[in-house]
Amino acid sequence: MLLSPWLAVAAAAVAAGAGCPAPCACRGQAVDCSERRLFSVPPELPLDTGNLSLAHNRIASIPPGYLACYAELRVLDLRNNSLADLPAGLFLAARRLAHLDLSYNNFSHVAADTFLEAGALVRLDLSHNPGLRRVHPQAFRGLAQLRDLDLSYGALAALSLEALEGLPGLVSLQIGGNPWVCGCTMEPFLKWLRSRVQRCSSDSQLAECRAPPEVEGALLFSLTEESFKACHLTLTLDDYLFIAFVGFVVSIASVATNFLLGITANCCHRWSKASEDEEI
């Protein structure tokens, strides 16, 4: 028996899952919920959603398992919200997710294995999170296909080289606008950047050092091996002998000083006692 036209439409709707959420606009596989003043994510979306925009809202959290039913999702835009973290396993079913935008939020750190299940990610934007101070060395583990990573305009003072070495496909890295501390711990990261400069575009030419004072305001790429010379200073045998000699002299001087102070204190005590006896 042939289905009537309305039954065919209903069957297609059931196959696609939930209809378009009331505050959103849907077109094909694209669901646009941006700028809707949302405080929470829409409870249900069409099961074939491929592009989801929740940008420019006031969303502070995402429920665990929220993406579990959306295996077709390829683009997720969460920029300009109030997110401080992501629930564990959020991307477990989103195996096709390629573009994730988390910019302009309230992240203070990126935990280990945050994106472990999102192995198909090609672009990840964490820029303009003004409180982002720490990226765990294993934060990007599992992202072998990641090509573009944006960490600009946060509060990063340092970045573990381990976090980047696990990204073999990286071709673009944005790190400007952070208060980098260009001390000895920064040297491996800078060496890595220089070794990748031909294969990986970066705004590191614009990134500046905030500390220590002697390099404040200097561009990251202006630092040379000479800038880290003090990090590799080693003591020779003569240095150790000199330190030992100085220590010996200081200890002898300390003993002599204490001895003289003791004699002086004893003399003062005797003089005071003699004065008291004379008065009697």
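If a residue must be open to solvent by less than 70 Å² (accessible area, probe 1.4 Å), in a loop (DSSP other than H, G, I, E, B) and touching a helix residue (DSSP H, G or I) at 6+ places or on another chain (Cβ under 7 Å), how many such residues does segment 21-65 contain?
Qualifying residue count for the region: 1.
Could you tell me which numbered condition Cys182 fails, if it satisfies all but one of (1) of a type in the set (A, V, I, L, M, F, W, C); (2) out of contact with any Cys (no Cβ under 6 Å at 6 or more places or on another chain); (3) touching a residue at least 40 places away in the same chain (Cβ under 8 Å)?
(2)
Within segment 160-181, how many residues turn out to be open to solvent by 10 Å² or more (accessible area, probe 1.4 Å) and hydrophobic (A, V, I, L, M, F, W, C)?
Matching residues across segment 160-181 total 3.
Considering every residue within segment 127-136, establish whether at least one is touching a residue at least 40 places away in the same chain (Cβ under 8 Å), not basic (Lys, Arg) and not in a loop (DSSP other than H, G, I, E, B).
No: segment 127-136 contains no residue that is touching a residue at least 40 places away in the same chain (Cβ under 8 Å), not basic (Lys, Arg) and not in a loop (DSSP other than H, G, I, E, B).
Determine which member of the set Asp85, Asp113 is among the acidic types (Asp, Glu), closer than 21 Å to Arg58 by Cα and free of Cβ contacts under 8 Å to residues at least 60 places away in the same chain. Break it down stepwise before answering.
On the way: Asp113 fails: closer than 21 Å to Arg58 by Cα.
Step by step, each of Asp85, Asp113 is checked, and only Asp85 is among the acidic types (Asp, Glu), closer than 21 Å to Arg58 by Cα and free of Cβ contacts under 8 Å to residues at least 60 places away in the same chain.
The values are calculated or read from the model by the stated rules, or taken from the named source; none is laboratory data. Note that this is a predicted model, so its numbers are computed, not measured. For neighbour counting, all protein chains shown are included, and Cβ atoms are generated from backbone atoms with ideal geometry for every residue, glycine included. The protein model used for the area step is the full one, side chains on, heavy atoms only, and it has no ligands, DNA or RNA in it. Shrake-Rupley method; radii C 1.70, N 1.55, O 1.52, S 1.80 Å.
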